[in-house]
Amino acid sequence: GVDHDARRIKLGSAASHDLKNVKFMSGAWDAGFIQATASLQAVTLIDFLHYFSPSEQTQILARAFDQLEPGGLVLFREVDPRPGLLSSWNRWYEKMATRMGFTQTQEKQLYFRRPEDWLELAASLGFEATAKRCSSPIFNDVLFVCERRAR
């Protein structure tokens, strides 16, 4: 796991202390991909991509694809921004968490995509992807499961 927020690194390390092959480090989003010395079986990007511009989102997913072994998975969770009460609440929560410093980020701008747009992007990068609503009743999150196909 890679995060620039030291508190989250500490929480992740404590929660996974008895798991093999799990490591957390402080750094920018690309640090984990740069330091990977072998193909990865999975990459998770939870509540992460909306902090980056659309071009950076594409870069991140493309780099994840390149690091995966065939059949490897990218799992990512993002807010469904389509109109509705849960979506409005979810987007407001993300903006407030960023502004208040609960979520540490360099940028204050958030970039949400509709689920069908994420699926289209994933397919264009070589993933076979599915999407499923996956959050508590008060949030409007979608889990994307993307499997690397052979190019």
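Observations on the structure shown:
- Gained length - S53 relative to W92, 0.36 nm times residue gap less alpha-carbon distance: 12.2 nm
- Calculated FRET efficiency for the pair Q109/T44, C-beta based, R₀ 25 Å, to 0.05: 0.60
- Cβ-derived FRET efficiency at R0 30 Å, N21 paired with A62, nearest 0.05: 0.80
- Reducing region 10-25 and region 131-151 to their Cα centroids gives an inter-centroid distance of 23 Å.
- On the basis of the beta-carbon distance and an R0 of 25 Å, R7 and S135 show a calculated FRET efficiency of 0.70.
- Straight-distance candidates among the aspartates and glutamates for linking to K132, with alpha-carbon spacing under 16 Å and chain neighbours fewer than 8 residues away dropped: D47, E78, D80, E116, D117, E120, D141, E147.
- Accessible area in the full protein assembly, largest first, 1.4 Å probe, for W118, W92: W92, W118
- Summed over the residues of region 37-77 and divided among them, the accessible surface reaches 46 Å² per residue at a probe radius of 1.4 Å.
- When you count the other C-beta atoms within 10 angstrom of each residue and take the mean per peptide, 54-60, 132-138, 14-20 line up highest first as 54-60, 132-138, 14-20.
The values are calculated or read from the model by the stated rules, or taken from the named source; none is laboratory data. Everything numeric here is computed off the predicted structure, so don't read it as measured data. Here Cβ is always computed from backbone atoms with ideal geometry, including for glycine, and neighbour counts include all displayed protein chains. Just so you know, the surface numbers come from the protein's heavy atoms only, side chains and all, with ligands and any DNA or RNA stripped out. Shrake-Rupley method; radii C 1.70, N 1.55, O 1.52, S 1.80 Å.
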